[in-house]
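Participant: Below you'll find the structure I mean.
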Amino acid sequence: MFKKITDTLFFLNTEGQDHYRVLRRNIIVIMLLITMLPLVTMVVINSFQYRSHLRNQIIEPLYAMADKTKHSFELFLDQRLAIIRFISTTYNFKDLTSEQNIKKILISLKKECCGFVDIGLINGQGELISYAGPYSLLGKNYSEQISFQETQIKGQYISNVFLGFRKYPHIVIAVQHLTEDGQTWILRATIDTDFFNTLISSMGFSRQTDAFLISKDGTLQTNSLYYGKTLEKCPLELAKITSRSNAFEGIDNKNRKIIIASSTFSIADYILVIVQPQSVALKSWYALKTEMAIIFLTSLALIVFAILKMTSVLIKRIKTSDEHRENVLTELQHAQKLSSIGRLAAGVAHEINNPLAIINEKAGLMGDLIEFSKDFDKKAKFINLTNAILNSIDRCRKITHRLLGFSKRIDVKIEPIHINQIIHEVLDFIEKDILYRKIDIKLILSDSLIPIESDHGQIQQIFLNLLTNASAALEDFGQIEIETKNINNDSISVRISDNGCGIPEDIIENIFDPFFSTKKEKGTGLGLSISYGILKKLGGKISVDSKPGKGATFIVMLPQKPDELEVLNG
Ligand code: ADP
C-alpha cells in the first residue's frame, strides 16, 4: 500500500524535466510532514500542559492570598464589632447618655484599638443623644439612614463606606441593645477607612499588584492602584467577581490582560479583589514561550535547510545516474549494432573475396591474352577495359579488406605513446594533399602532456580518419586546428576542428554508424565507426560538435592507461 502511494507520489508525470521537479517537491513535502508533525504536536502539547500547570501555580496562590487578606479584614471588623457589643452590654443606657462616660469610652477605645473615630448613642427614634468624637453631630436624626434601619432589623451592622453628615469617607459599626423595659437603643461607632488602605499596604503585595475592597454594587471601598479612588465605581466587570470567591483571567477597561482573584466577606457587604497584570503574573510563562518559539523556529529553519539541501543532492544524484544509465544504454545499443553489422560484413566480405579473386585472375589472363595476340584490331580498347575491371576489383578488395579489418578482433598492443608525435606522423601521411590544397594546419600542442599508454597503430588510424574527414570537408585554403591538453591529470584530450562544411543536424546522430557516408562512392562510411570501436576498446571516448556551414569539432579523450578488461572484451 505504502509503496503504491510513494510510487504515485514520486513517479507522477515521469516524462521530461518536470519529473525531477515533481519528485523534488514530493520528497520535500513528505520529509517536512514526517519531521514537522511530531515536532509541532510536541510543542503544542507541551505548551498547553506547561501553561495549565503554570496557571495553577500562579492563580491558586493569588486566590489563597485574596482569601487570607479577606480573613485579616474580617478579623479586624469582627474585633471592632465585638468591642462595641461588649460596651453595649457592659454599660446601660443611662451610663452612655453621660457625656463624660462616653468620652472616656472613646479615649480607651482609641488607646486600645486603632481605627475608631467616634462613638455615639442613638435612641429608638433615631436621634443621636450622646456623642464623643471630632464632629458636632449631637441631635442629628439617623432614622432615615440605612445603617439605622439595618441595625434595627439585624441587631448589628457594618456599613459600606459612605460620606454621611461629616462628608468624609468612613464606615459605621452599630449594635442594637434591648433594655428590660422593652426600649431599644443603638451604640454606633465609626471607623476611619484610611485604616483599610494601611491594612492593604501592610499585606506586602508586589508593586504591580492591585488589591482593594469593593462593595457588591461595585463601589470602591478603598483606593485602587489602577481603577480609582474610594467611593468611585470600579470599572471591572463585576458579574464574575461578585458571583462567588474565585480567580480567573480577564481583560480590564484599559484592555490589559489581567488575573483577578476575589474573596467575598461573610460579615459585611465587601469583596476583596486582587488584580495582577498577566505580563507580571505569567512572566516566566512568557519567557518560556519566547524561548520555545526561538528553539522551534531555529529547529524549523535547520530542518527546512537540511531537507532542501539533502533533496537537491538526492535529485542531482538521481539525475546523474539516470543520464549515466541512458548513455550506457545508447552505447550498448550502438556497440550491439556495430558487432552485428561487423559479423554480417565479415561474412559478406569473405564470400565476395573468392569470386573477386577468380574475376581478378580471369581478367588478368584476359588482359595477357589480348596483349600478346597480334592480329586483334581492338586490342587497345580491350586492354583499357580489362584494366578498368582490374581497378574496380582492386577497389572492391580494399573495401572487403577494410570490412574484414572492421569485424576482425585486431590485437591490441599497449605501450607508452606520445600523442604529439603520432599527430606529426599522421600529418606526414596526408602532407601532399594538404600542401596541394593549401590547407592551413594550426597546432596547439601541449608540451607537458602526461605520459600515457595505448596502441600506437590504432591511435594513428583514428587521427588519420579524423584528419582525412576534416580535409575532405574543407574547401582549398581551409583551416584545421589540432589541440592537445591534459584533463584532470589523468587523461588527454585531442581536439580536431575544421572550418569546413560542417555536419547537418539531422545526420549528426548517424555519423558513427557503420556504412553511413555522405561521400557516395568516395567514402565507405567506416572511418568514424572504426575509430569509435577502437576508442571503446582503449577506454577512450569521442564526441562531436558541429555548426553546419561553419565546421566541425571532434574531441578524442584518451585515458592514462586503458582498462585491461575493456581491451580484452574488445
Ligand atoms: P566516410 O568518411 O567514409 O564517409 P566516416 O565514418 O569517416 O565515413 O564519416 C561518416 C560521415 O560523417 C561522412 O560521410 C561525413 O558526412 C561526416 N563527417 C565526418 N567528419 C566530418 C567533418 N570533419 N566535416 C563534415 N562532415 C564530416
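Laboratory data are not the source of any read-out in this text; all were calculated from the coordinates shown. Here the structure is a predicted model, which is why all the values come from computation and not from measurement. Glycine also receives a Cβ, built like all others from the backbone with ideal geometry; neighbour counts cover every protein chain displayed.
Participant: What does the net charge come to around Ser201 if you take all other residues with beta carbon closer than 13 Å to its beta carbon, with K and R at +1 and D and E at -1?
Facilitator: That works out to -1.
Participant: Give me the log10 of I(q) over I(0) for the chain at q = 0.05, 0.12 Å⁻¹, as the Debye formula computes it from C-alpha points; what are the numbers?
Facilitator: Debye curve over Cα of the chain, log10 I(q)/I(0) at q = 0.05, 0.12 Å⁻¹: -0.55, -1.17.
Participant: Okay, moving on. Restricting to DSSP H runs of at least four residues, report the calculated mean residue ellipticity at 222 nm for the chain, -39500 (n - 2.57) per run over all residues, nearest 500 deg cm²/dmol. Each step should come with its number before you reach the end.
Facilitator: Numbers: 15 runs with 300 residues, N = 570.
That comes out to -18000 deg cm²/dmol.
Participant: Of Leu213, Ile186, Tyr227, which is farthest on the positive side of the dipole of the range 165-246, counting Cα position, with +1 on Lys and Arg Cβ, -1 on Asp and Glu Cβ, and the Cα centre as origin?
Facilitator: Sorting the options by dipole projection puts first Tyr227.
Participant: What does the charge count around Ile28 come to, taking other residues whose C-beta lies under 13 Å from its C-beta (Lys +1, Arg +1, Asp -1, Glu -1)?
Facilitator: Values: positive: Arg21, Arg24, Arg25, Lys309; negative: none.
It works out to a net charge of +4.
Participant: Quick one: Karplus J couplings for the range 32-41, per residue in order, coefficients 6.51, -1.76, 1.60, θ = phi - 60°, nearest Hz, x for Gly and Pro?
Facilitator: Taking θ as phi minus 60°, the curve returns 4, 4, 4, 7, 6, 4, x, 5, 5, 4 Hz for the range 32-41.
Participant: Given a cut-off of under 8 Å on Cα pairs at least six residues apart, what relative contact order in percent is computed for the range 431-566?
Facilitator: After rounding, I find 27 percent.
Participant: Let me ask something additional. How large is Rg over Rh for the range 84-139, taking Rg from the Cα atoms and Rh as the Kirkwood inverse mean of 1/r across Cα pairs? It would help to have the intermediate numbers written out before the result.
Facilitator: On the way: Rg = 10.8 Å, Rh = 11.5 Å.
Using only Cα positions, Rg/Rh for the range 84-139 is 0.94.
Participant: How high is the relative contact order of the chain, in percent, counting Cα pairs under 8 Å that sit 6 or more residues apart?
Facilitator: Relative contact order for the chain comes out at 8 percent.
Participant: Dipole magnitude of the chain about its Cα centre, charges +1 at Lys/Arg Cβ and -1 at Asp/Glu Cβ only, in debye to the nearest 20?
Facilitator: 1080
Participant: Exposure proxy check: Asp18, Asp513 ranked by fewest other beta carbons within 10 Å?
Facilitator: Taking fewest neighbouring Cβ atoms as first place, the list is Asp18, Asp513.
Participant: Moving on to the next point. Work the Kirkwood hydrodynamic radius out for the range 453-570: mean of 1/r over every pair of different alpha-carbon atoms, inverted, in Å.
Facilitator: About 14.8 Å, per the Kirkwood formula over Cα pairs.
Participant: Ok, one more. With Cβ to Cβ distances under 13 Å as the rule, what net charge do the other residues near Lys68 carry (K, R +1; D, E -1)?
Facilitator: That works out to -2.
Participant: For the range 223-271 and the range 139-195, compute the distance between their C-alpha centroids and round to whole Å.
Facilitator: If we compute the Cα centre of each part, the gap is 27 Å.
Participant: Can you tell me the relative contact order of the range 224-285? Whole percent, Cα pairs under 8 Å, sequence separation 6 or more.
Facilitator: 23
Participant: What size of dipole, in debye to the nearest 20, comes out for the range 512-569 about its Cα centre when the only charges are +1 on Lys and Arg C-beta atoms and -1 on Asp and Glu C-beta atoms? Intermediate results must be reported in sequence, preceding the final value.
Facilitator: Values: 9 positive and 6 negative charges, 67 e Å.
Using Cβ point charges on Lys, Arg, Asp and Glu, the range 512-569 gives about 320 debye.
Participant: Please give the direction-averaged projected area of the C-alpha convex hull for the range 205-285, in square nanometres with one decimal. Write down the numbers at each step before the final one.
Facilitator: On the way: hull surface 20.6 nm².
In nm², the orientation-averaged hull projection of the range 205-285 is 5.1.
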